[in-house]
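Written below as structure tokens is the structure these notes are about.
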Amino acid sequence: MIELPVIDGFVEKAVITEPLKKPSWLRVKLPIGEEYKHVRGLVDKHKLHTICESGNCPNMGECWGEGTATFMILGNICTRSCGFCAVATGKPDPVDWDEPQRVAEAINLMKVKHAVLTSVDRDELQDQGSIIWYNTIKAVKALNPQTTLETLIPDFKADAICIQRVIDAAPEVVSHNIETVERLTKQVRIQAKYWRSMETLRQLKVGGMRTKSGIMLGLGETKEEVIQTLQDLRESAVDVITIGQYLQPSKKHLQVQRFVHPDEFKELREIGYQLGFDYVESGPLVRSSYHSEKHVIAGWGKNKWLEEKELEINS
């Protein structure tokens, strides 16, 4: 095993030749609780598809217990080939124009309080899939008026017309993940562009959306690069940021360069709030949709952080 050079707690440059052993802080609690069992039963009975399950999300039990679930639209074959993602790459199936209503009905059947929608990239389509995005959001809202909604969208190549469709559909939160620092973008998100993603997020904010992004750690980034990425996201007026540990989905994907200690995630949470984010979710097991039902509420995360700081001062 190679010993990793470290600068201020973050890897500078290293190449791992053997998989690293997962540390104790990445252990996941088994899903329990009546609400989880209820959703689990519905998913099995009606053969519903959720990213929570197919992606082996470590927080599935907790999220389902809170009445939150994530659904993927526009098929399961992506036109891009990111080095971290387990979704298949290739020629996608034709667009299923009945999908929006089926997704809305699934959310209604599961009695989901907060739904997250995501999708593969559909670069081969003139509208990049944005029309299905619009139709799905509107269908979910029509059938489930009490359900809050986050949309985790592709970059749409920063196309203003495509982005405007999502804005017009008016979900409570629109998310687009930057995933990694600028230097590693070409390696991690092969067909994506760092500043194009920032432009997509900027346009969403100009359109009045509550915006969100996410970044993975453990791919070889430095602490300085992570902080710079957070600053870039704030300059794009992003409201919510999630920071989690990258986990290698298969031997064909990028290897984990380092498992980041929980104390470092805690430090980045502090930095994020100091930079002005409205909500910072930071921890080894954090994923894009973790606690996403709370990300809807403006000021909730920052107010909680300020309360914590006041308690520290007074203790």
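The values are calculated or read from the model by the stated rules, or taken from the named source; none is laboratory data. Everything numeric in this text was worked out from a predicted model, so none of it was measured. Note: ideal-geometry Cβ built from the backbone for every residue, glycine included; neighbour counts use all protein chains shown.
Points to keep in mind about this one:
- Residue within the range 181-196 that is at pLDDT 95 or above, of a type outside the set (A, V, I, L, M), within 22 Å of ARG234 (Cβ to Cβ) and buried (at least 24 other Cβ atoms within 10 Å of the Cβ) present: no
- Any chance THR185 is out of contact with any Asp or Glu (no Cβ under 7 Å at 6 or more places or on another chain), under 16 Å from SER292 (Cβ atoms) and not hydrophobic (A, V, I, L, M, F, W, C): no
- A search for C-beta distances below 7 Å between a residue of the range 85-104 that is under 13 Å from LYS138 (Cα atoms) and any residue that is of a type in the set (Lys, Arg) and surrounded by 15 or more Cβ atoms within 10 Å (Cβ to Cβ), counting only pairs 6+ apart in sequence or on different chains, returns nothing.
- Test: VAL226 is under 17 Å from CYS85 (Cα atoms) and over 13 Å from the mean Cα position of the chain (by Cα): no
- Pairs, first without any contact (Cβ under 8 Å) to a residue 40 or more places away in the chain and at positive phi in the range 149-161, second surrounded by fewer than 17 Cβ atoms within 10 Å (Cβ to Cβ) and among the basic types (Lys, Arg), C-beta under 8 Å, six or more apart: LYS157/ARG196
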